Amino acid sequence: MRVLVVENMAKTELGQVGTALREVKAEIEVRRAYAGDPVPETPDGFDALVVLGGEQSALDDAAFPYLPQLAALMRRFGDSERSVLGICLGSQLLARAYGAKNLLGEAKEFGWHEVRVRTEGQSDPVLASVGESFPIFQWHGDTFTLPEEAVHLAENDVTRHQAFRVGRAAYGTQFHFEADTDLVEDWNRSFPQTINRLDPTWLAQYPAHARRHGEKANAAGLALARAWVATIRRDDASVAAPSNEVLEEAC
């Protein structure tokens, strides 16, 4: 299967989603849209789409003029019943794509926090993999209303719309389930000034946070990643010669 990944910021990596994709020997094509890589207009040639997080808002079109096209592409993937995964900013763009309202600065979370799976989520092919609740890494300030046709899958006390699904397999998760402790520690090293503004105690207390939450969050994140990858349907039409963009082939 061929999976398109769109990055919106440097140091945003696939983490556990990448692990799950490599397990099924998926071909991963990365477009670094923030750096000028073109965003395709159609899903042709791909079986699934992953859109990762970023520091911008989902409405920051002036600084990142590709955002409307990316939102439209997410909808085209979803409407064609291809699997879609939007994480953090990606979930906000998926909500935008399906007509919801983006709410800037209205739901600030950082660090590991508990998320509750709603009744609808407990029968969902992806969210059912983690039981009734789980700790997971958060790093966001924005949120969104729910698209009219969406199924509301998960929530917590700060952010009501933690996860949703539109159609067969277009998923948005506000939380960073791709971020295992290795990726979180990389972010600690890469963004210390930003983190200190969000939580001045985080870096000093990180070892205690990781001991308390890391193992359970890692397990939940990998379960979610594997469950989402299992939704991908291989389309024979997606088998095509690779483009000149960044292509990672699983071993």
query: How many residues does region 224-251 contain that are open to solvent by 60 Å² or more (accessible area, probe 1.4 Å), modelled with pLDDT of 75 or more and of a type outside the set (A, V, I, L, M, F, W, C)?
result: 3
- prompt: Are any of the residues in region 138-155 of a type outside the set (F, W, Y), more than 30 Å from N188 (Cβ to Cβ), open to solvent by less than 20 Å² (accessible area, probe 1.4 Å) and in contact with a helix residue (DSSP H, G or I) (Cβ under 7 Å, 6 or more places away or on another chain)?
  reply: yes
Any hit, region 167-188, residues being free of Cβ contacts under 8 Å to residues at least 12 places away in the same chain, under 21 Å from T12 (Cα atoms) and of a type outside the set (D, E): no
- prompt: Does any residue of region 85-106 turn out to be outside any helix (DSSP H, G or I), open to solvent by less than 70 Å² (accessible area, probe 1.4 Å), among the charged types (D, E, K, R) and modelled with pLDDT of 95 or more?
  reply: no
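Scan region 68-97 residue by residue and report those that are hydroxyl-bearing (S, T, Y) and within 16 Å of the chain's Cα centre (by Cα). Step through it out loud before you land on a result.
Of region 68-97, the ones hydroxyl-bearing (S, T, Y) are 80, 83, 91.
Correct list: S83, S91.
The values are calculated or read from the model by the stated rules, or taken from the named source; none is laboratory data. The model shown is predicted, which means the values in this text are computed figures rather than measured ones. Counting neighbours? That spans all protein chains shown, and the Cβs are built from the backbone with ideal geometry, glycine included. For accessibility, only protein heavy atoms count, side chains too; no ligands or nucleic acids. Shrake-Rupley method; radii C 1.70, N 1.55, O 1.52, S 1.80 Å.
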